[in-house]
Amino acid sequence: VNARLGLVGLVAELDAAGLTSLYRDIELPLARVLAVMEARGIAVDREVLAQAGREFRATADRLEAEIFEVAGGAFNLGSPAQLREVLFTKLALPTKGVKRGKTGLSVDADVLNKLAETTPIAAKIVEHRALTKLISTYVAGLGDLIDAKSGRLRTSFNQTVAATGRLSSSEPNLQNIPVRSAEGRRIRAAFVAPSGMLLLSADYSQIELRVL
């Protein structure tokens, strides 16, 4: 009974806001389409993804060796404390404008990107971080989710999450795969269409900002 009363109340709110047609004629039919899309998934070429991963790893390993050579020895690139020690103590990089946290000088992405403008080792660290993130998040992360039988990857499309009204993708999020970098495009190339079909990409090009 409470659920029925709640539904009646929501319908009344839709009517009052003039949104009943939007709900009935657009959102509900779209939900059915999305259900089919989620169940079918998208085809992924495992070998293309794996080959990209192998090349990313080789480049990351080369960068790591170059970083260690400049630093004068190996250290844990994932450790902020060790990275801070190498950059600001051993190599005495400039600290002007570098923010300080509870544990010492920051080595976050903003700091490293700023240092990368003038310091080769920082530029290599930034590139290494980007590659290892691609490997863990997309090459390994997506690869583990590909259905072994169909070769397809399934995501969830959310109609009511994004404040702008656009669809969002989750588990996994297929909307934030990098597109501006060559490496990101390599990963996107692993998403394929069946024989005789094409993938269509459509981007609204920040329509909210244009309207604003």
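Since every read-out is calculated from the coordinates, none of them should be taken as a lab result. From a predicted model like this one, the values you see are computed outputs, not experimental measurements. Glycine also receives a Cβ, built like all others from the backbone with ideal geometry; neighbour counts cover every protein chain displayed.
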Review point. Measuring from label point to label point, each 7 Å out along Cα→Cβ, what is the residue 40 to residue 99 span in nm?
Key: 4.5 nm
Review point. What FRET efficiency, computed as 1/(1 + (r/R0)^6) with R0 = 25 Å and r the Cβ-Cβ distance, is obtained for residue 164 and residue 129, rounded to the nearest 0.05?
Key: 0.25
Check your understanding: Expressed as a fraction of 2.2 N^0.38 Å, the rule-of-thumb size for a compact globular protein of N residues, what is the C-alpha radius of gyration of the range 67-124?
Key -> 1.02
Review point. Hey, what D do you get for the range 108-162 in µm²/s if you plug the Kirkwood alpha-carbon radius into Stokes-Einstein at 20 °C and 1.002 mPa s?
Key: 154 µm²/s
**Study point:** Sites residue 74 and residue 113 - FRET efficiency at Förster radius 22 Å, r taken between beta-carbons, to 0.05
**Key:** 0.40
Review point. From the phi of every residue in the range 33-47, what ³J(HN,Hα) in whole Hz does the Karplus formula 6.51 cos²θ - 1.76 cosθ + 1.60 yield, where θ is phi - 60° and glycine or proline is x?
Key: 4, 5, 4, 5, 4, 5, 5, 7, x, 10, 6, 10, 7, 4, 5
Check your understanding: So which trypsin sites (Lys or Arg not before Pro) in the range 117-158 are both in a DSSP loop and have at most 15 other Cβ atoms within 10 Å of their Cβ?
Key -> 149
Review point. How big is the chain by Rg and Dmax over its Cα atoms, in Å?
Key: 23.7, 72
Review point. Given 25 °C and 0.890 mPa s, how large is the Stokes-Einstein diffusion coefficient of the range 1-81 in µm²/s, with Rh as the Kirkwood radius over Cα pairs?
Key: 131 µm²/s
Check your understanding: So which trypsin sites (Lys or Arg not before Pro) in the range 1-96 pass both tests, a DSSP loop state and at most 11 other Cβ atoms within 10 Å of the Cβ?
Key -> 96
Study note, to complete from the structure: Compactness summary of the range 89-212: radius of gyration and Dmax from Cα atoms, Å, are 19.6, 59
Exercise for review: Tell me which residues come under 5 Å, amide H to amide H, from residue 192 once H is placed; ignore anything under 5 positions away on its chain.
Suggested key: 43, 44, 45
**Study point:** Cross-link reach list, lysines versus residue 133, counting only Cα pairs under 20 Å and skipping chain neighbours closer than eight places
**Key:** 114, 124
Exercise for review: Report the convex hull volume per residue for the range 39-155, counting only C-alpha atoms, in Å³.
Suggested key: 126 Å³
